[in-house]
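Heads up: the structure comes next, in structure tokens.
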Amino acid sequence: MQAARIKKGASFKATLTFEADEWASLYPWTSVEAKVGQGSRRYPLTVATDVPNMRLTVTATAAETASWVTDPKGAAPASFDVWVTKGTEVLPVPASTNVPLIIIEGITR
């Protein structure tokens, strides 16, 4: 999976769109949670659901991403994860891998 690039201090948005069979395995759920992970750091993401269109959108504001650590210079690789809780089962989305991110320095004047 190709890593997405996000500027530190910029708004972040990722939309996950599902096929009908994938959506049926997740919905209806008890809860949905998403975070960006970087080494031991965890940054929560806001999750919005669009049930009719079988989509989840995860976001972070510019103020929230301002604390994310930039790559490379020793920073741990970043990725974001989404977890769907359905009853007692916690399902990672996507199931096979984290979604990789590269945090880059924003432009300053």
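The values are calculated or read from the model by the stated rules, or taken from the named source; none is laboratory data. All values derive from a computational prediction rather than experimental measurement. Note that we place each Cβ from the backbone using ideal geometry, even for glycine, and neighbour counts take in every protein chain shown. Just the protein is used for accessible areas: all its heavy atoms, side chains included, with ligands, DNA and RNA removed. Shrake-Rupley method; radii C 1.70, N 1.55, O 1.52, S 1.80 Å.
Tabulated values for the structure
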{"item": "Yes/no for residue 78 being touching a Lys or Arg at 6+ places or on another chain (Cβ under 9 Å), within 26 Å of residue 18 (Cβ to Cβ) and modelled with pLDDT of 85 or more", "result": "yes"}
{"item": "So residue 61, is it polar (S, T, N, Q), open to solvent by 50 Å² or more (accessible area, probe 1.4 Å) and touching an Asp or Glu at 6+ places or on another chain (Cβ under 9 Å)", "result": "no"}
{"item": "Residue that is modelled with the lowest pLDDT [pool: residues in the stretch 1-40 that are open to solvent by less than 40 Å² (accessible area, probe 1.4 Å) and among the β-branched types (Val, Ile, Thr)]", "result": "6"}
